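Presented below is the structure to which this report refers.
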Amino acid sequence: MKLQQLRYIWEVSQRGLNISATAEALYTSQPGVSKQIRLLEEELGVQIFARSGKHLSHITPAGQAVVEMAGRILGEVGNIKQVAGEFSDQRRGDLTIATTHTQARYKLPAVIKSFIQRYPEVSLHMHQGSPVQIAEQAAKGEVDFAIATEAMELFEDIVMLPCYHWNRCVVVPKGHPLTKIKSLTLEAVAEHPIVTYVLGFTGRYLLDDAFNDAGLQPNIVFTATDADVIKTYVRAGLGVGVVAKMAYEPELDKDLVALDAGHLFASSTAKIGLRRNSFLRTYMYDFIELLAPHLTRDAVDQAMSLKDKQEVEAMFKEVELPMY
């Protein structure tokens with residue numbers, strides 16, 4: 001059994017059983033991948049992939065167990081490389097982050113600037129996507145960290161560490177009727193067309209819950225994943241915008257007024273997700289602490305050692321997180 005063979009079956013399983021795509025991703029030939037899979041199956045005496053003609057049709061029950069173990073083994077191989085890198089050169093390496101637009105645009109720039117100043121020889125890579133996409137990347141080990149508000153609880157292999165709370169504001173053009181109200185209410189907001197986030201992004205479900213609990217039916221006329229797009233359509237007169245408070249920038253958004261809505265909606269919690277049992281280099285711990293100062297190296301190690309998500313949540317229950 002060769003490590004290369006395990007890598008082949010793992011990659012095939014992650015690429016829809018497409019051998020051509022696997023060969024291309026691994027810079028090898030399609031016949032070479034097929035041959036190594038066959039040799040591994042012959043050695044193990046079980047069929048990992050069922051076939052329909054020349055194509056792989058599905059993973060067999062035995063194959064599923066083998067593939068899962070291969071994924072864990074490859075993860076440990078990655079950890080070994082990380083350990084070696086940590087001791088050979090502690091200030092060089094790579095750090096890959098997956099996050100949503102809101103975090104990338106409004107929260108992370110200052111963190112990344114400080115990190116690069118501290119570790120100029122670390123190559124930093126950022127992937128953007130939906131909460132589900134970035135959580136899946138972290139669960140598969142394709143990225144080191146996922147930073148988001150939603151979806152990470154769907155993946156058992158991710159340890160979620162709370163970073164900070166955030167809430168929303170209502171953005172309107174200057175002179176809008178809502179700017180003349182002494183105390184903003186859900187009823188007042190519901191009287192106007194609403195422009196806000198797509199379902200599944202940036203705590204949108206808490207907005208819906210607030211209106212539902214109040215017995216109101218909001219007129220949501222436009223949704224987007226990007227707060228900048230939402231503000232653009234508020235400027236165009238489509239409606240009032242409900243966005244993350246951190247997405248309102250006084251200097252850039254001088255033509256808009258931000259009305260605090262923290263009393264209208266429950267706050268959300270941004271979290272950083274790490275694959276369980278992953279090896280963290282010193283600069284990775286430092287990045288986490290730059291993002292969330294309460295997440296020290298000792299705190300991260302303790303959380304990573306806990307068995308389930310409930311224990312992690314209990315560990316941070318009494319920690320007072322900053323609000324944005």
Fill in: Positions within region 276-324 being touching a residue at least 40 places away in the same chain (Cβ under 8 Å), among the hydroxyl-bearing types (Ser, Thr, Tyr) and either in contact with a Leu (Cβ under 6 Å, 6 or more places away or on another chain) or not in a loop (DSSP other than H, G, I, E, B) (or both), in sequence order
282, 283
Practice prompt. Take the residues in region 73-95 that are at pLDDT below 80 and acidic (Asp, Glu), then tell me which one is surrounded by the most Cβ atoms within 10 Å (Cβ to Cβ).
Written response: 86
Discussion item. For region 95-133: of the residues being of a type in the set (Phe, Trp, Tyr) and touching a Phe, Trp or Tyr at 6+ places or on another chain (Cβ under 7 Å), which is farthest from residue 148 (Cα to Cα)?
Written reply: 119
Worksheet entry | Subset tally (residues that are farther than 20 Å from residue 153 by Cα and not hydrophobic (A, V, I, L, M, F, W, C)) for region 290-317 | 5
Practice prompt. Give the residues of region 1-22 that are open to solvent by 40 Å² or more (accessible area, probe 1.4 Å) and either assigned to a loop (DSSP other than H, G, I, E, B) or among the aromatic types (Phe, Trp, Tyr) (or both), sorted by residue number.
Written response: 1, 2, 10, 15, 16, 18
Worksheet entry | Candidates 70, 98, 110 - the one that is closer than 22 Å to residue 287 by Cα, open to solvent by less than 40 Å² (accessible area, probe 1.4 Å) and of a type in the set (A, V, I, L, M) | 98
Practice prompt. Out of 23, 50, report the one residue that is touching a helix residue (DSSP H, G or I) at 6+ places or on another chain (Cβ under 7 Å), free of Cβ contacts under 8 Å to residues at least 60 places away in the same chain and not β-branched (Val, Ile, Thr).
Written response: 23
Response to the item:
Over region 210-266, the set of residues in a helix (DSSP H, G or I), loosely packed, with under 13 Cβ neighbours inside 10 Å and charged (D, E, K, R) is 213
Worksheet entry | Sole exception among (1) surrounded by 14 or more Cβ atoms within 10 Å (Cβ to Cβ); (2) under 22 Å from residue 142 (Cα atoms) for residue 60, by number | (2)
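The values are calculated or read from the model by the stated rules, or taken from the named source; none is laboratory data. Just so it is clear, the structure is predicted and the values come from calculations on it, not from any experiment. Please note: Cβ atoms are built from the backbone with ideal geometry, for glycine as well, and neighbour counts cover all protein chains shown. Just so you know, the surface numbers come from the protein's heavy atoms only, side chains and all, with ligands and any DNA or RNA stripped out. Shrake-Rupley method; radii C 1.70, N 1.55, O 1.52, S 1.80 Å.
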